[in-house]
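Just so it is clear, none of the values below were taken in a lab; they were calculated from the coordinates. Fair warning: this is a prediction, and the values are worked out from it, not measured in the lab. Positions of Cβ are generated from backbone atoms using ideal geometry, with glycine treated the same way; all protein chains shown enter the neighbour counts.
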């Protein structure tokens, strides 16, 4: 089984790197956004007398956006495309265990997200003078990778509910506005009043707060509360994904 898992993981990696558009949007787009939002005032304090700079804060925000983006798109768009190409029918007829197939996707997405984080960290360090202790870099990456589990469930739900042609548009239509409303690109206190009240309950808000807290920002909630929010979202999203999977399976094989 270990050999099968390694071979399937390698196959999933090749799928990723053979789609340049996905690699660009996962690796390049966060750097472009960071350039616009983080470089102009990179070395200025986040607020008067703060030890944390604007560049560090924006970097943590982009790190959360990047990891969530990789998880949602790598599962949502990739799965929708595979369904459109009838690969799920071939997999069902093959001896590959579904658990191995899913685990290989999870490992591949986590590795790709880690690469994207390293690229962002290096870029922020050299262009915006973002300097953190080694332990802080590791804590930030670990929190975001572990905290991204709910977005795997969300991606799976999209993958089984949306067709291959509509998947990129639908996922972007949901994910990008949610990122804005969660305070990733614009601080929550600068958002319209009706969005301010909604922001704390959006899945990306407790997720990005894990990143902000890791770099020393005083967040609105305790880390334990953010974790509870993410656990609740994980349960909900995976329940949605399971329902969508059963619905899709019943339609094809009933």
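Values as computed for the structure displayed
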read-out	value
Order of 138, 217 - criterion: other Cβ atoms within 10 Å of each residue's Cβ, fewest first	138, 217
Using alpha-carbon coordinates, inclination of helix 223-253 to the longest axis of the chain, degrees	20
Neighbour-count ranking [beta-carbon atoms within 10 angstrom, fewest first] of 17, 243, 137, 212	17, 243, 137, 212
Degrees between helix 54-84 axis and first principal axis of the chain (Cα, 0 to 90, nearest 10)	10
Residue of 214, 234, 50 that the Gaussian network model of the chain assigns the largest fluctuation, springs spanning Cα pairs under 10 Å	50
Ranked list, fewest to most other Cβ atoms within 10 Å of each Cβ, for 209, 12	12, 209
Along each principal axis, Cα extent of the chain, largest first, Å	63, 38, 31
Cα-based helix-to-principal-axis angle, 29-38 vs the chain, degrees rounded to 10	20
Computed [θ] at 222 nm, helices only, for the chain once each DSSP H run of length n ≥ 4 contributes -39500 (n - 2.57)	-24500 deg cm²/dmol
Label zone at residue 4, where the point sits 7 Å out along the Cα-to-Cβ direction: segment 63-100 residues whose backbone N lies under 16 Å	90-100
Pairwise centroid distance, computed over Cα atoms, of segment 204-254 with segment 10-29, Å	24
Mean separation of Cα contacts under 8 Å, 6 or more apart, over the residue count of the chain: relative contact order %	25
